[in-house]
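The values are calculated or read from the model by the stated rules, or taken from the named source; none is laboratory data. Remember, predicted model here, so these are calculated numbers, not experimental data. Methodologically, a virtual Cβ is constructed for each residue, glycine included, from the backbone with ideal geometry; neighbour enumeration extends over all protein chains shown. Accessible surface areas use protein heavy atoms only, side chains included; no ligands, DNA or RNA. Shrake-Rupley method; radii C 1.70, N 1.55, O 1.52, S 1.80 Å.
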Amino acid sequence: MGVPSVPRVWREIKYKYNLIGSKCVKCGKACYPPLTVCPYCGGKEVREVKLPERGKVISYTIIRYAPRGFEKLVPYVVALIELVDGTRLISQLTDVEPEEVSIGMEVEAVFRRLREQGNSGIIEYGLKFRPLRR
Amino acid sequence: MRRVAILGVGLTEVKEHWDKSLRKLFVEAATAALKDAGLDVNQLDAMYVANMSSGYLQGQEHLGSLLSTWLGAKGIPACKIEAACASGGVAFHQAFLAVASGLYDYVLVGGVEKMSDAITSDILTALMMADDQDYIAPTGVTFVGLNALVYRYYMAKYRVRQEDIALMAVHDHEYAANNPYAQFRNRITLDQVLSSPLVADPIHLLESSPIGDGAAALILGPLERSKGEVVVEVAGSSVATDNLSLQLREDITTMYATIKASREAYRMAKVEPKDVDVIEMHDAFTILGVINLEDLGFAEKGKGVELIKEGEIEIGGKVPSNLFGGLKARGHPVGATGLYQLIEVVWQLRGEAGKNQVEGAEIGLAQNVGGVGSTVSVNILRRVK
Ligand SMILES: [Zn+2]
C-alpha cells in the first residue's frame, strides 16, 4: 500500500470513480486502468473512454486470509470481470454471499468504501461489483 | 561475450530462522559459496543482492552497501536487484551479463529473504506489492488470490480436475524428504492436500508455498579460469516481462513471459526442451507447476497434468522436475528462491544430488517467476567436462 497519502488517491479519482479506461485507435481494444500505450498491439494512439458498468464474472476467488486493512471483511470475493465491451478488470464483489457466486454471473458496478489507510490515513472509495439487479 | 561458469555455491536451510537476521543469513550463504569456489572475498569484483521485501518487512533498503559491509567485501560495487519473486533469477542474469561482458571476473550473486519476523497480514501485503498498488491492491485481492483466479479459469477452460493439479504438491514433498536444506521434509498425501484449509478458493494451504527465511549464493566467473573436475557453464540466460496485471492479459492461463524467456534461453544454449535432463521451475502454487510445464515447452496447453500423472516429472521421466522439493516443500524465501533453484541444478550437473540424482544429467534449466507471470527468468546450465 505504501505510506498513507491523500494526493495519491485523489489523482486517480477520475478513473476509479467513473471507470475511465483507454481505447486503442489502431486495434480498437480497451483496457483498464487507462494506459498511454496499447498493451495489446503496442499502438501509441489511445483515447480515454468511459467503460461500461456491466459485465460478467469469468473467474473468482474467496479471500480467507486478508492483507493489512481488509482483515475485517473476510471471507470476501474478488473476481476477474469481463465488461460487456470485452474489457477485463479485477474487482471485489459486494452484496453477495461467497457461495452464491459463479462463473458467468452478471454483475454491475456500485460505489463503495474500499479501505481505510490505517488509523491516521484517509478512507478510500471506489467501485465494487454486485449481482446485476434487473 | 565471454563464456561464463558457476564456480561455487552456498546456501542456508530454508526455515523460520528465529535466531538469524537478514544480514546473517546472507553472509552465511555468501561465505559458503566463496569457500566452494576457493576464492577469498577480496577477489570478488562485484556483488548483486536478490531480495524482494526488505524495504517493507525490515524497513531496510540499500542492501548492496549493508551486505558488502557485513561480508567484508570492502569497496565492491554492489546493489539490490528486485523483481518480486523472480529477483533471484533476474539477479543471476545480471551477474551473468557482468562476467560475460568482460568487465568483471568474479561476481557473487546472493539472494536473501527474511519473512518470519512479520505477521501474516503484513507478509500478504508485502507479497501483494508484486502487483499494481493503485489499481489491484485496493480490491483486497492477495497474491495467492490472483493465482486462484488463474487456477479456477484454467480448470474451466481445459476441463482439468483439481485432484490432478494438486498432485504437484505431493510430488514436491516426496523429493524434499532427501533435501537437508528443505523447509518441509515430510511426505503428504493427495487427501491431505485437498482437505487442508482453503486460503483463497480453490487454492488449499497445502497447494501453496510456505513462508520461510533463507539465503542462497553463487559465484560466477570466466569459464576459462574454472578449475575442478566438473565445470558448469551458463549456457543460456534470459529474462522477459509481461503486462503486470492479469486484467491486461488476453489469456491468463498462458505465461507469455515464460514462453519468451525460455525460447530465448533455448536459442542461446542451442538446445530444445527434449535435450533438457532436469528442471527446477517456479511452482509457488500447484497450478503454476502445471502451467510452467506447458509454457516451457514440455506439454501442450491443457495437458500439463498428464506429465505429472504419468510420472514424467519423476527421476527417469521425460522431464524430471523440482527434485529438491520445489517451492512447496523446499520452500520459497522469495528473493532467494531463484538461486536455490540454480544451486539445485548445479548439484545435478556436478553429480552431487544424492538420492535425487538424475544419472548423467548434462543440461538443466531453472525458471523463476515474479508476480503472476509478470517477470520470468529462464537460465540453462550445461556440464562442459
Ligand atoms: Zn491496440
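Between chains B and A, what is the buried accessible area in Å², counting both sides, with a 1.4 Å probe and ligands, DNA and RNA left out, to the nearest 100?
So the buried area, both faces added, is about 3300 Å².
Can you give me the angle between helix B:87-100 and the longest principal axis of chain B, using Cα atoms only, in degrees from 0 to 90, rounded to the nearest 10?
It is inclined by approximately 40 degrees.
List the lysines whose Cα lies under 19 Å from the Cα of B:LYS20, skipping any in the same chain that are fewer than 8 positions away.
Candidates past the 8-residue exclusion: B:LYS114.
Quick one: angle between helix B:167-176 and the longest Cα principal axis of chain B, in degrees between 0 and 90, rounded to 10, please.
The angle comes out near 30 degrees.
Among A:ARG68, A:ARG112, A:ARG88, which one moves the most in a GNM of chain A with springs linking Cα atoms closer than 10 Å?
A:ARG68
Rank B:ALA130, B:ALA200, B:ALA182 by mean-square fluctuation in a GNM of chain B with C-alpha springs under 10 angstrom and give only the top-ranked residue.
The residue with the greatest mean-square fluctuation here is B:ALA200.
Take the Cα gyration tensor of chain B, multiply each eigenvalue by 5, square-root it, and list the three semi-axes largest first, rounded to whole angstrom.
Working from the Cα gyration tensor, I get semi-axes of 30, 24, 19 Å.
In whole percent, and with a 1.4 Å probe on the protein chains, what portion of the accessible area of the stretch A:6-131 is carbon and sulfur?
50
If you wrap a convex hull around the Cα atoms of the protein assembly as shown, how much volume per residue is inside, in Å³?
Here the figure is 146 Å³ per residue.
Just reorder B:GLU359, B:GLU82, B:GLU28, B:GLU312 by solvent-accessible area, largest first, 1.4 Å probe, all chains present.
Details: B:GLU359 155, B:GLU82 100, B:GLU28 70, B:GLU312 40 Å².
The ranking, largest first, comes out as B:GLU359, B:GLU82, B:GLU28, B:GLU312.
So how many Å³ per residue does the convex hull of the Cα atoms of the stretch A:6-131 work out to?
Measuring per residue, one finds 109 Å³ for the Cα hull of the stretch A:6-131.
Mind checking which lysines have their C-alpha under 19 Å from A:LYS72, skipping anything on the same chain fewer than 8 residues away?
Answer for A:LYS72, where 19 Å is the Cα cut-off: A:LYS128, listed by chain and number.
Please compare each pair in B:LYS355/B:LYS385; B:LYS157/B:LYS309; A:LYS26/A:LYS56; B:LYS35/B:LYS260; A:LYS14/A:LYS44 to a cut-off of 30 Å on the Cα-Cα distance and tell me which ones are over it.
Over 30 Å apart, Cα to Cα: B:LYS35/B:LYS260.
Below 8 Å, C-alpha to C-alpha, sequence gap of six or more: please give me the relative contact order for chain A in percent.
Relative contact order of chain A: 22 percent.
Please compute the net charge surrounding B:LEU190, taking Lys and Arg as +1 and Asp and Glu as -1 over other residues with Cβ under 14 Å from its Cβ.
On the way: positive: B:ARG161, B:ARG187, B:LYS309, B:LYS328; negative: B:GLU163, B:ASP164, B:ASP172, B:GLU174, B:ASP191, B:GLU207.
Computed value for this residue: -2.
Residues of the stretch B:190-214 losing 20 Å² or more of accessible surface, assembly versus chain alone, probe 1.4 Å, please list them.
Residues shielded by partner chains are B:LEU198, B:VAL199, B:ASP201.
Any idea what angle helix B:334-350 forms with the longest principal axis of chain B, computed on alpha-carbon atoms, 0 to 90 degrees, nearest 10?
Between the helix axis and the principal axis of chain B, the angle is about 70 degrees.
Among B:LYS260, B:LYS270, B:LYS15, which one shows the biggest mean-square fluctuation in a GNM of chain B, springs joining Cα atoms closer than 10 Å?
B:LYS270
What is the sum of charges, Lys and Arg at +1 and Asp and Glu at -1, for the other residues whose Cβ falls under 15 Å from the Cβ of B:SER21?
-1
According to the Kirkwood expression over distinct Cα-Cα pairs, how big is the hydrodynamic radius of the stretch B:238-294, in Å?
Details: mean 1/r = 0.0798 Å⁻¹.
Value: 12.5 Å, from the Cα pair sum.
For B:TRP70 and B:GLU264 in one chain, what is 0.36 nm times their gap in residues minus the Cα-Cα distance, to one decimal in nm?
Full extension of this stretch gives 66.2 nm more.
Net charge near A:VAL57, counting Lys/Arg +1 and Asp/Glu -1 over other residues with Cβ under 15 Å of its Cβ?
On the way: positive: A:ARG54, A:LYS56, A:ARG88, A:LYS128, A:ARG130, B:ARG152, B:LYS157; negative: A:GLU53, A:GLU82, A:ASP95, A:GLU97, A:GLU99, A:GLU100, A:GLU106, A:GLU108, B:ASP201.
For residues surrounding A:VAL57, the net value is -2.
Just to be sure I understand: of the beta bridges DSSP finds with both ends in chain B, what percent are antiparallel, rounded to 5?
75
Residue by residue, what Karplus-based ³J(HN,Hα) values in Hz, rounded to whole numbers, does the stretch B:259-273 have, using 6.51, -1.76 and 1.60 with θ = phi - 60° and x for Gly and Pro?
Values per residue, Gly and Pro as x: 4, 5, 5, 5, 5, 5, 5, 4, 5, 4, 7, 6, 10, 10, x Hz.
Efficiency by 1/(1 + (r/R0)^6): what FRET value for B:GLU362 and B:LEU97, r their Cβ-Cβ distance, R0 = 30 Å, to the nearest 0.05? Please report the intermediate quantities before stating the final value.
On the way: r = 24 Å, r/R0 = 0.80.
About 0.80, to the nearest 0.05.
Once fully extended, how much extra length lies between B:ALA156 and B:ASP122, figured as 0.36 nm per residue of separation less the alpha-carbon to alpha-carbon distance? Please report the intermediate quantities before stating the final value.
Details: separation 34, 0.36 × 34 = 12.24 nm, distance 3.21 nm.
Taking 0.36 nm per residue and subtracting the Cα distance, the gain is 9.0 nm.
Along the Cα→Cβ direction, 7 angstrom out, place labels at B:ASP45 and B:ASP105. What is the inter-label distance in nm?
0.8
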